[in-house]
Amino acid sequence: MASSAIRSFRGQSNVTAMPGAASASNVRGTWIDAFRAVRGETERRAAPLSDEDQVIQSMPDASPTKWHRAHTTWFFEQFLLLPHLPGYRIFDKQFAYLFNSYYVAAGPRHARPQRGLVTRPANSEVAAYRMHVDTAVVRLLNEAGASQIAEVLRILEIGLNHEQQHQELLLTDILHAFSLNPIAPTYDAARIPPAPKKPASGLVAIPEGLHSIGFEGEGYCFDNEGPAHQTYLRPVRIARSLVSNAQWLDFIADGGYATPSLWLSDGWTTVQAEGWEAPGYWRKVDGVSHTLTLAGLRPVDPAAPVCHVSYYEADAFARWMGKDLPTEQEWEVAANAGLIDDAFGIVWQWTRSAYAPYPGYRAACGALGEYNGKFMINQMVLRGSSHATPADHSRSSYRNFFYPPARWQFSGLRLVDYGI
Ligand SMILES: [Fe+2]
């Protein structure tokens, strides 16, 4: 997937990291439960979608639901079962070509922009593929020997985190497809975007000086979250609140989308080429601004955080406000200090940090080393998480990343002010 990546493969045994791990069998059972829970969540997210919904690909960056379900399954088959389960029977030899995403070391693969042309295998065959792999993974977790269980669990944990990333993409991708449907389908009427947890408030100072950022300690992280290191922050104040639709409506009313001086050159070119006049998925209904959400077409709520804006738009808005986007370091320090509201669970927040390796970062060897490191160019970092991010899949060191024009993710922003 085009989002975050895997941890530095320190080879630590998660057998000993599990809470309450009184015995080896308990540990295995806990991981089997975790595996079933994550796999089940993918299916729950796909359940409201018809077979037709699940095959569509609305743009090259988005993938069909059926592909997400199959690709996450291939990941376990390729990286966990084939190397570690003796005698494992591949479900279908053609699936590696169809459902490998970008792992060059794992072999040739189908062209990404053409995933929506794959009407076969049918959804029912993908469901059978998932069951076949699920059964084998549970068998492996039960039968792995003492000498291999640590490595099995390490790969399993990567696979689970990988699948959780695709769970969010499954929703963002189908919402993009629905946005192109004139009847504006509803994915799930109950999935109303959450409101801010606290009323809008002002700016708060981040202490000047050296701060630690990056992942440290127990638990899982992707490799791009390290190595942890110190960074110097100059005096700055960060907005406690996310930028709201009310603020964005003011930006639009003030000609924000028609004022070239507010935009980066590439951003202005994109505005012109795409005809952008508002955030993604906004449309007028009887003269009133509406936005397409997972819960269907809803009037734009002025109090809600703005969503589906690109980096270019976030940058232009900050310039219009006479402020800036935070760096990812400022964001992480502020989040760790509890200075900002709604850091998680509503919208990802653009930072003005280019997605680059931390000092000392090295991608791991082998195919799984392709997960993150090779994408560290030409993209911008987003921090936090969105309402589509699975539970237990967000932390202050998490680095999401997308290209500057992308706005089909649940992406918003908050601002900083250096005019202390
Ligand atoms: Fe993936």
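Points worth noting:
- The lone exception for Ile155 - which of (1) touching a residue at least 60 places away in the same chain (Cβ under 8 Å); (2) out of contact with any Asp or Glu (no Cβ under 9 Å at 6 or more places or on another chain); (3) away from the ligand (no atom under 16 Å from the Cβ); (4) of a type outside the set (D, E, K, R) it fails: (3)
- Test: residue in the range 201-214 that is surrounded by 18 or more Cβ atoms within 10 Å (Cβ to Cβ), within 19 Å of the chain's Cα centre (by Cα) and not basic (Lys, Arg): yes
- Only residues that are under 25 Å from the mean Cα position of the chain (by Cα), loosely packed, with under 14 Cβ neighbours inside 10 Å and not in a helix (DSSP H, G or I) were counted across the range 245-276, and they come to 0.
- Ala205 over 30 Å from Ala363 (Cβ atoms) and in a loop (DSSP other than H, G, I, E, B): no
- Check on Lys284, exposed (fewer than 14 other Cβ atoms within 10 Å of the Cβ) and basic (Lys, Arg): yes
- Residue, farthest from Asp250 (Cα to Cα), within the range 277-328, restricted to residues that are in a loop (DSSP other than H, G, I, E, B) and small (Gly, Ala, Ser): Ala295
- Residue, modelled with the lowest pLDDT, within the range 106-129, restricted to residues that are within 14 Å of the ligand (Cβ to nearest atom) and under 25 Å from Cys365 (Cβ atoms): Ala106
The values are calculated or read from the model by the stated rules, or taken from the named source; none is laboratory data. Just so it is clear, the model here is predicted, and its values are computed rather than measured. Every residue, glycine as well, gets a Cβ built from its backbone with ideal geometry; the counts of neighbours run over all protein chains shown.
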